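Derivation of every value follows stated rules applied to the coordinates shown; laboratory data play no part. Predicted model, so just to flag it, every value in this text is computed and none were measured. Neighbour counts are summed over all protein chains in view; Cβ atoms, including those assigned to glycine, are modelled from backbone coordinates with ideal geometry.
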Amino acid sequence: MDLGEFITCHLTIRQQIHFWIWKTEPLNKLVCIMMQIRYNGAVLNLDDTQLASQVAQGDERAFLTLYDRYASHVYALTMRIFRDANLAEEATQDTFLKLWSRARLFRAERGSLLPWLLTIARRTALDRLRLEGRRPTLSTADDPEELWQTIPDASTLPDEARWRSMHLAVQSLSPEHRQLLELAYYQGLTHTEIAETLNWPLGTVKTRLRAAMEQLRREWGEL
Amino acid sequence: MTQDQIDDIFRENIPAYALDALDVEDARAVKSHLQTCASCRTELAEYRALSETLLMMTPPKTPPAALRRRLQGQLPSAQKRSSPRFVWSFNQLALGLTLIILLALNVSSYLQIRALQKQQVQLASQLQNGQAAIAMLAYPDTESLLIKADNISGTLLVDKSRNIAMILVWNLPQLDSTQTYQAWLIDPQGKRTDAGIFRSQPSQPYTSATIFSANDLTNFVGIGVTIEPSAGSPQPTGQRVFKVDF
């Protein structure tokens with residue numbers, strides 16, 4: 001065998017199966033390339049649950065596929081919470097590192113992966129906010145009202161009907177109710193903190209936040 | 001207050017609980033109530049589904065490409081690649097070998113010097129003993145007594161006026177490091193007084209040991225030597241080597 005023609009092609013599938021193929025003539029080289037394409041395609045075509053399962057087994061390709069799929073959602077949420085690109089990047093990175101280390105805790109029977117991932121992102125970001133003792137600025141420069149009005153791209157969400165009905169339900173709320181939701185859910189403020197921030201009586205905050213959620217639930221259920 | 005009324009009070013807080021917006025005490029009370037109230041748990045599940053969907057309402061925003069690279073750099077395969085692996089270059093290998101050789105030479109020289117110093121101390125001691133023996137033989141009061149035992153022979157020089165005695169003995173066996181020879185002065189009642197310890201001198205055909213007595217040698221009637229533990233003993237405990245009467 002001519003060693004000058006000797007090429008090694010090494011593939012790893014699910015960290016368990018390895019292929020080594022040696023090229024001794026042009027046809028073998030073709031076979032090697034086709035196997036690689038098939039492998040990459042196999043990872044990209046897996047659903048979230050299958051990918052999470054592979055991530056739990058330490059599959060880095062599956063992990064990066066999930067990153068490519070959902071990083072824009074996680075980054076957008078953390079940007080909404082922080083309104084600071086550097087902090088949002090750090091929180092996004094922390095969120096995906098948690099996905100890497102805790103993928104085995106994901107239970108598909110309890111819900112899909114994206115809400116689970118976004119819940120981790122929200123908690124990660126809010127923990128950071130609380131750690132730094134930061135409060136929302138309520139400035140109009142980054143008006144969250146714009147975010148409520150923007151319709152997400154349907155192709156980027158797994159359950160289009162679900163979020164579209166929610167979008168319509170949110171539009172039915174008054175700007176005041178949306179502001180309360182923004183402070184409570186995206187800024188992590190409690191009743192008392194919202195009352196201090198808006199300079200409202202505590203009872204008013206409780207009543208209006210409850211009314212906002214009840215209306216949202218009602219509208220969402222009817223749609 | 002009826003159970004339904006109590007449930008209603010807690011139920012009012014369920015929407016805020018689903019948003020994590022309750023103050024700590026209120027949240028604790030709702031959490032406790034949820035353990036016993038199935039209808040509130042059902043209500044909470046609906047609000048949780050609502051809040052989960054709210055999370056997806058933010059329009060996606062593409063993060064910088066550098067973030068993916070940073071994240072990839074923290075995965076195990078990248079950590080393995082970036083873990084420092086020391087590769088010996090020829091120069092580093094040569095430097096390392098040179099340092100090892102120099103260190104070995106230094107240790108060897110130190111050990112040689114220690115051995116020479118020890119030898120020097122032994123030779124000085126022997127020379128001193130030899131000079132003392134010659135000096136003693138020159139005194140008219142020195143007695144020369146014969147040492148005779150199994151395979152051992154020698155001379156005991158005793159100068160009672162100066163309270164000095166010297167043992168010169170041939171073929172004294174070498175002892176291991178746990179043992180030593182110990183000399184004893186013997187009084188008329190047979191009582192033994194420590195007169196010092198000494199070791200045989202393998203580099204010399206004979207062994208010499210000088211005894212400087214603090215007591216008057218005229219009070220003693222002989223000298224004996226026994227084998228004792230390396231630090232010596234207050235009284236003879238070991239095998240007798242020889243005994244000489246004055």
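List of remarks:
- When Rg and Dmax are taken over the Cα atoms of the stretch B:1-149, they come to 46.3, 130 Å.
- The length gained by stretching the chain between residue B:204 and residue B:144 to full extension, at 0.36 nm per residue less their Cα-Cα distance, is 19.5 nm.
- Efficiency of FRET from Cβ geometry, residue B:81 and residue B:101, R₀ 41 Å, rounded to 0.05: 0.70
- Each label point was placed 7 Å from the Cα along the Cα-to-Cβ direction; for residue A:107 and residue B:4 their separation is 3.3 nm.
- Note on the stretch A:73-117: the C-alpha convex hull projects to 3.1 nm² when averaged across all orientations.
- Sum of side-chain charges, residue B:243 neighbourhood, beta-carbon under 12 Å (Lys, Arg +1; Asp, Glu -1): +2
- Mean Cβ count within 10 Å, highest first, over the residues of peptides B:143-150, B:109-116: B:143-150, B:109-116
- Cross-link partners of residue B:191 among lysines (Cα-Cα below 23 Å; sequence separation of 8 or more within a chain): B:148, B:160, B:243
- Using R0 = 30 Å, the C-beta based FRET efficiency linking residue B:12 and residue A:45 works out to 0.05.
- From the alpha carbon centroid of the stretch B:167-234 to that of the stretch B:23-100 is 81 Å.
- Modelled this way, with points 7 Å down the Cα-to-C-beta line, the labels at residue A:204 and residue B:135 are 11.5 nm from one another.
- Extended-chain gain in nm, criterion 0.36 nm per residue less alpha-carbon gap, residue B:237 and residue B:123: 38.0 nm
- With a 10 Å cut-off around each Cβ of B:41-49, the average count of Cβ atoms from other chains is 2.
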